[in-house]
1. Can you pull out the residues in the stretch 153-170 that are more than 13 Å from Thr194 (Cα to Cα) and either of a type in the set (A, V, I, L, M) or within 14 Å of ligand 3 (Cβ to nearest atom) (or both)?
2. Restricting the first residue to the stretch 272-289 and requiring it to be farther than 17 Å from Ala321 by Cβ, which pairs with a second residue that is away from ligand 3 (no atom under 16 Å from the Cβ) and among the acidic types (Asp, Glu) meet a Cβ separation below 9 Å and a spacing of at least six or different chains?
3. Is there any pair linking a residue in the stretch 91-111 that is over 22 Å from Ala134 (Cβ atoms) to one that is open to solvent by less than 40 Å² (accessible area, probe 1.4 Å) and among the small types (Gly, Ala, Ser), with Cβ under 6 Å and at least six apart or on different chains, and which?
4. Within the stretch 268-277, identify whether any single residue is closer than 22 Å to His26 by Cα, open to solvent by 30 Å² or more (accessible area, probe 1.4 Å) and of a type in the set (Asp, Glu), and answer yes or no.
5. Here are Val253, Val283: which of them is surrounded by 18 or more Cβ atoms within 10 Å (Cβ to Cβ) and under 19 Å from Tyr232 (Cα atoms)?
6. Would it be correct to say that Leu6 is modelled with pLDDT of 95 or more and either more than 21 Å from Gln153 (Cβ to Cβ) or open to solvent by less than 70 Å² (accessible area, probe 1.4 Å) (or both)?
7. Please tell me if Gln153 is in a helix (DSSP H, G or I), over 14 Å from Glu13 (Cα atoms) and in contact (Cβ under 8 Å) with a residue 60 or more places away in the chain.
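The values are calculated or read from the model by the stated rules, or taken from the named source; none is laboratory data. Keep in mind it's a predicted model, so treat the numbers as computed, not measured. Please note: Cβ atoms are built from the backbone with ideal geometry, for glycine as well, and neighbour counts cover all protein chains shown. These area figures cover heavy atoms from the full protein model, side chains too; ligands, DNA and RNA do not enter into them. Shrake-Rupley method; radii C 1.70, N 1.55, O 1.52, S 1.80 Å.
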Amino acid sequence: MTEANLDYTPLAEALSAASTIGVVGHVRPDGDALGSMIGLVLSARAAGKDAVASFGEPFVVGDEFGFLDLEALVPPREFPKGLDLAIVCDTSARDRVGSVVGRVESAGTVGVIDHHRTNGDFGDVTIIDSDAAATTQLVYRLLRLLDWPVTPQVATALYTGLVTDTGRFQYSSTTPEVHTIAGELIEAGAVPATVGQSLFEEVPFGYYAVVANVLGRAVLEEEIGLVWSVLYKSDVEAADIPPTATDGLIDLVRMAAEAGVACLLKETAEGVLKGSLRSRGIVDVNAIAGALGGGGHHNAAGFTIEGSPEQAIARVRELLA
Ligand code: AMP
Ligand code: MN
Ligand code: MN
């Protein structure tokens, strides 16, 4: 377990030396993974490098990220083999790189930039800081060290990671430095209203029915401080919304003041559930997710499990006790 590698120089030197650079984030990338890879690639291009971003299948980006410069991305099959340098961002473990992992590992050097309590089992050159609020915070520090351009589109991408991973600047990870960087990114051209409207103020109407179903079937187990619910594939199909539109549901499920831990089980295929766990701070949900083969952070973690929702919750209950 490597929780810290705060020396930026080796990765900065690798970036300077490389002519061809690829950047990937974890599968089903969130705002921080997308922001990190797009921000780093756009800045590298502006610095004269041949750079491209990608992530493992399914190669889908939600409409809410339409304000980002998605031109930086290519499908995983088009991610070049044998690059000088491939960098993996915001990814807690090698298996979260997904289908692009072979192409990434065919690069001359593999870099890692991350803020998870990661296994430290991959990457030749790493920057790992589990105190950082977002991976884009680390990318920003790296770009400043390199003195690479922070164009308005780079700033927008990096700002997106800060906003999403801090829950709009309100989680405990929101330090003075986070606000300072956010301010510098706004000065560089990020527009908070554009990012915020698209990410938090617009949903397809069909989402209302999904919210009603998920909150309607939520269960509070007050004696163990757990609130949980299930999202079925059929909920998403009936509402005709993209699967990526359900990423914010856990933020509704976890609002019950009676519960210190929340769990949302999303059915991804017949008999397969993706669990999202959130803690108010006392319980380490990373440990629970880890015991179930997943991972994440102290207050936000995830795992994949086979079986019924009742069986999955029974495991979570056991680990909570
Ligand atoms: P999520 O519940 O998908 O929003 O994920 C919460 C946090 O846990 C994020 O930091 C994810 O990167 C991490 N995470 C989610 N699923 C997994 C998994 N299967 N393995 C490792 N980390 C995960
Ligand atoms: Mn992420
Ligand atoms: Mn992150």
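1. Within the stretch 153-170, the subset more than 13 Å from Thr194 (Cα to Cα) is 154, 158, 161-162, 164-170.
Across the stretch 153-170, the qualifying residues are Val154, Leu158, Gly161, Leu162, Thr164, Asp165, Thr166, Gly167.
2. Val272/Glu306; Leu273/Glu267; Leu273/Glu306; Lys274/Glu267
3. Ser99/Gly56; Ala107/Ala86; Thr109/Ala14
4. If we filter the stretch 268-277 for residues that are closer than 22 Å to His26 by Cα, which is where we start, we get 268-269, 272-277.
Of the ones still in play, those that are also open to solvent by 30 Å² or more (accessible area, probe 1.4 Å) are 268-269, 272, 274.
With the extra rule that they be of a type in the set (Asp, Glu), the set shrinks to none.
No, every residue in the stretch 268-277 fails to be closer than 22 Å to His26 by Cα, open to solvent by 30 Å² or more (accessible area, probe 1.4 Å) and of a type in the set (Asp, Glu).
5. Numbers: Val283 fails: under 19 Å from Tyr232 (Cα atoms).
Only one candidate passes the filter, namely Val253.
6. On the way: modelled with pLDDT of 95 or more: no; either more than 21 Å from Gln153 (Cβ to Cβ) or open to solvent by less than 70 Å² (accessible area, probe 1.4 Å) (or both): yes.
No.
7. Working: in a helix (DSSP H, G or I): yes; over 14 Å from Glu13 (Cα atoms): yes; in contact (Cβ under 8 Å) with a residue 60 or more places away in the chain: yes.
So Gln153 passes the test.
Okay, residues lined up against (1) open to solvent by less than 60 Å² (accessible area, probe 1.4 Å); (2) of a type outside the set (Ser, Thr, Tyr); (3) under 28 Å from Ala257 (Cα atoms):
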site: Val178; (1), (2), (3): yes, yes, yes
site: Ala182; (1), (2), (3): yes, yes, no
site: Pro192; (1), (2), (3): yes, yes, no
site: Val195; (1), (2), (3): yes, yes, no
site: Tyr208; (1), (2), (3): no, no, yes
site: Ala212; (1), (2), (3): no, yes, yes
site: Trp228; (1), (2), (3): yes, yes, yes
